[in-house]
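*Asks:* Below: one structure in structure tokens.
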């Protein structure tokens, strides 16, 4: 994958009609590097990032005071659109819940106190995620900050819980995988003003997700036929130019026109991330 700045003007990005980027940060140092990069770019570049700690990045005995101070400072940047990527993930290989929970609780609290948007990650931890959110909501007199459940992979029941909180739902190429059939089947339940589409690039690859990039990149055309086929068949890294494939799948599942879905999901993202 080319360096991030080069992706902005890559032919595959342009041909995919991508008008903005959100590059979530998984830890505080990553957020600082992203802000530094964006500070040095043209003012008209339509990119936003986030500031927070992804559940996989949580360390034992995190200094919560230092985490809070860093997030509060970072939120002053016009490029930082959300607190996050934060949440809970009880998948194999992740830090124990006892380490994750205090860090997640802090980030939701900071977002509520500063009225900042939340960029949420939740896997195999729905009940605890809801509990934390509802506790903060009660503490703040019924207020929860706007949030997007990034790369939603939950159940129809999970979906209803998040929609009842007024949250946005981010849909990725997960719906183009066999495991994503349940999510695909409940997409029609999401109101137009609460739906976003995303790639989660370079992650969440799916079959043929690199085809648009391959067709647009001159270096790929110089490869042998066998090499080109291998490049396309490989699912990682995923590229931003796979977004139209996600769009098409979402529109078909909802029984709506592609242009209509593209318009309102783009507007939702622009409004939420201040793009």
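We did not get these values from a lab; they are worked out from the coordinates using the rules stated. Owing to the predicted nature of the structure, the values given are computational and were not obtained by experimental measurement. Cβ atoms come from the backbone with ideal geometry, glycine included; neighbour counts cover every protein chain shown.
*Asks:* What number goes with the only condition from (1) surrounded by fewer than 20 Cβ atoms within 10 Å (Cβ to Cβ); (2) out of contact with any helix residue (DSSP H, G or I) (no Cβ under 8 Å at 6 or more places or on another chain); (3) closer than 26 Å to residue 6 by Cβ that residue 54 does not pass?
*Replies:* (1)
*Asks:* Looking at (1) in contact with a helix residue (DSSP H, G or I) (Cβ under 6 Å, 6 or more places away or on another chain); (2) closer than 17 Å to residue 162 by Cα, which is the only condition residue 119 fails?
*Replies:* Exception for residue 119: condition (1).
*Asks:* Name the residue, out of 208, 267, that is surrounded by fewer than 17 Cβ atoms within 10 Å (Cβ to Cβ), in a loop (DSSP other than H, G, I, E, B) and under 22 Å from the mean Cα position of the chain (by Cα).
*Replies:* Details: 267 fails: in a loop (DSSP other than H, G, I, E, B).
None of the other options fit; the residue is 208.
*Asks:* Restricting to the range 215-231, what's the tally of residues that are crowded, with 18+ Cβ neighbours inside 10 Å and either part of a helix (DSSP H, G or I) or without any contact (Cβ under 8 Å) to a residue 40 or more places away in the chain (or both)? Before you say what the answer is, go through the steps one by one.
*Replies:* First pass over the range 215-231, keeping only residues crowded, with 18+ Cβ neighbours inside 10 Å: 216-217.
Add one more test, that the residue is either part of a helix (DSSP H, G or I) or without any contact (Cβ under 8 Å) to a residue 40 or more places away in the chain (or both), and what stays is 216.
Matching residues across the range 215-231 total 1.
*Asks:* Out of the residues in the range 13-37 that are touching a strand residue (DSSP E or B) at 6+ places or on another chain (Cβ under 6 Å) and outside any loop (DSSP other than H, G, I, E, B), state the one that is nearest to residue 218 (Cα to Cα).
*Replies:* Looking at residues that are touching a strand residue (DSSP E or B) at 6+ places or on another chain (Cβ under 6 Å) and outside any loop (DSSP other than H, G, I, E, B), I get 21.
*Asks:* Given the condition in a helix (DSSP H, G or I), buried (at least 21 other Cβ atoms within 10 Å of the Cβ) and within 22 Å of the chain's Cα centre (by Cα), answer yes or no: does some residue in the range 196-205 qualify?
*Replies:* Step one: list which residues in the range 196-205 are in a helix (DSSP H, G or I), which gives none.
No, that holds for no residue.
*Asks:* For the range 57-73, which positions are surrounded by 22 or more Cβ atoms within 10 Å (Cβ to Cβ) and touching a strand residue (DSSP E or B) at 6+ places or on another chain (Cβ under 8 Å)?
*Replies:* Across the range 57-73, the qualifying residue is only 71.
*Asks:* Which one of the conditions (1) in contact with a helix residue (DSSP H, G or I) (Cβ under 7 Å, 6 or more places away or on another chain); (2) surrounded by 17 or more Cβ atoms within 10 Å (Cβ to Cβ); (3) within 30 Å of residue 108 (Cβ to Cβ); (4) free of Cβ contacts under 8 Å to residues at least 40 places away in the same chain does residue 163 fail to meet, given that it meets all the rest?
*Replies:* Evaluating residue 163 over (1) in contact with a helix residue (DSSP H, G or I) (Cβ under 7 Å, 6 or more places away or on another chain); (2) surrounded by 17 or more Cβ atoms within 10 Å (Cβ to Cβ); (3) within 30 Å of residue 108 (Cβ to Cβ); (4) free of Cβ contacts under 8 Å to residues at least 40 places away in the same chain leaves (2) as the failure.
*Asks:* While we're on this one: How many residues are more than 19 Å from residue 174 (Cα to Cα) and either surrounded by 13 or more Cβ atoms within 10 Å (Cβ to Cβ) or touching a helix residue (DSSP H, G or I) at 6+ places or on another chain (Cβ under 8 Å) (or both) if we restrict to the range 232-264?
*Replies:* Step one: filter the range 232-264 for residues more than 19 Å from residue 174 (Cα to Cα), giving 256-257, 259-260, 263-264.
Filter again for either surrounded by 13 or more Cβ atoms within 10 Å (Cβ to Cβ) or touching a helix residue (DSSP H, G or I) at 6+ places or on another chain (Cβ under 8 Å) (or both), leaving 256-257, 260, 264.
Final tally of qualifying residues: 4.
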